[in-house]
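Novice: Here's a structure for you.
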Amino acid sequence: MARKERVQKSNAMRELDRAGISYDAVDLGSEEDVSRGLGERMATLAGMDLDATFKTLVCVSPQEDYVVCCIPVVQELDLKKAAQAAGEKSLALMPLRDLELVTGYVRGGCSPIGMKKAFPTLVDETAQLFDRMAISGGRRGLSLILSPEDLRRFCSAAYADIIRI
């Protein structure tokens with residue numbers, strides 16, 4: 001019987017382990033190309049439905065408050081809808097130069113779980129259509145597959161319609 005290869009634990013995995021939340025980790029190795037389409041490539045390699053594979057975007061309000069948004073990789077974030085759902089006047093995407101400093105994660109590896117600090121989190125309502133969803137595991141090439149409801153509870157997130165139609 002072949003041994004299952006161990007995946008090096010990320011901060012997101014350690015947080016889920018501490019909380020007793022069940023997940024599967026799919027480590028596809030370092031995915032250095034973080035150009036457009038990374039999420040779609042990761043979903044395909046992990047064997048996940050594109051609509052059940054979510055990316056994490058961090059937004060900032062004019063008062064410099066942060067809001068984490070999880071949306072399907074094939075969709076675009078509607079900043080007006082996200083601002084309304086978060087109770088903010090407006091939101092903008094966080095400048096990439098600030099991402100690692102604020103969250104502890106790099107572009108292409110940002111997870112809503114295990115950031116340096118807990119921020120208000122919105123998960124697109126379409127996540128509720130699936131028993132399992134994929135999110136970034138906290139580094140490029142690592143996906144975590146878990147229940148949308150477990151993610152929502154762990155992050156104290158709200159489901160909301162936040163994608164552009």
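Novice: Suppose each label sits 7 Å from its Cα in the direction of the beta carbon; what would the Ser22-Glu76 distance come out to in nanometres?
Specialist: 3.9
Novice: Another question, then. Based on the mean of other beta carbon atoms within 10 Å per residue, what is the order of 93-104, 136-147, 74-85, most packed first?
Specialist: 136-147, 74-85, 93-104
Novice: A further question follows. Hey, what do the phi angles of region 106-111 turn into as Karplus ³J(HN,Hα) couplings, whole Hz, using 6.51/-1.76/1.60 and θ = phi - 60°, x for Gly and Pro?
Specialist: Per-residue couplings from phi come out as 9, 4, x, x, 7, 10 Hz.
Novice: If we count every other residue with Cβ under 13 angstrom of Ile145's Cβ, Lys/Arg +1 and Asp/Glu -1, where does the sum land?
Specialist: Result for the neighbourhood of Ile145: -4.
Novice: Follow-up. Could you estimate the translational diffusion coefficient of the chain from the Stokes-Einstein equation, with Rh from the Kirkwood formula over C-alpha pairs, at 20 °C and 1.002 mPa s, in whole µm²/s?
Specialist: This corresponds to a translational diffusion coefficient of 136 µm²/s.
Novice: For Ile163, what charge total do you get from the other residues with a beta carbon under 15 Å from its beta carbon, if Lys and Arg give +1 and Asp and Glu give -1?
Specialist: -2
Novice: Accessible area of Arg152, 1.4 Å probe, to the nearest 10 Å²?
Specialist: Answer for Arg152: close to 60 Å² accessible.
Novice: Pairs of Cα atoms under 8 Å, at least six residues apart: use those to get the relative contact order of the chain, whole percent.
Specialist: Averaging sequence separation for qualifying contacts and normalising by length gives 29 percent for the chain.
Novice: Rounded to whole Å, give me the distance from the Cα center of region 118-165 to that of region 77-108.
Specialist: Computed from Cα coordinates, the inter-centre distance equals 15 Å.
Novice: Excluding ligands, DNA and RNA, what is the solvent-accessible area per residue of the chain at a probe of 1.4 Å, expressed in Å²?
Specialist: 55
Novice: Taking amide hydrogens as modeled 1.01 Å from N in the peptide plane, which residues meet the under 5 Å criterion relative to Tyr159, leaving out close sequence neighbours?
Specialist: When sequence neighbours closer than 5 places are left aside, the close amide H contacts are Val123.
Novice: Moving on to the next point. Roughly how many percent of the accessible protein surface of the chain is carbon and sulfur, given a 1.4 Å probe and a whole-percent answer?
Specialist: C and S fraction of accessible area: 49 percent.
The values are calculated or read from the model by the stated rules, or taken from the named source; none is laboratory data. Given the structure is predicted, the values throughout are model-derived calculations rather than measurements. Methodologically, a virtual Cβ is constructed for each residue, glycine included, from the backbone with ideal geometry; neighbour enumeration extends over all protein chains shown. Keep in mind that these areas ignore ligands, DNA and RNA; they rest on the heavy atoms of the full protein, side chains included. Shrake-Rupley method; radii C 1.70, N 1.55, O 1.52, S 1.80 Å.
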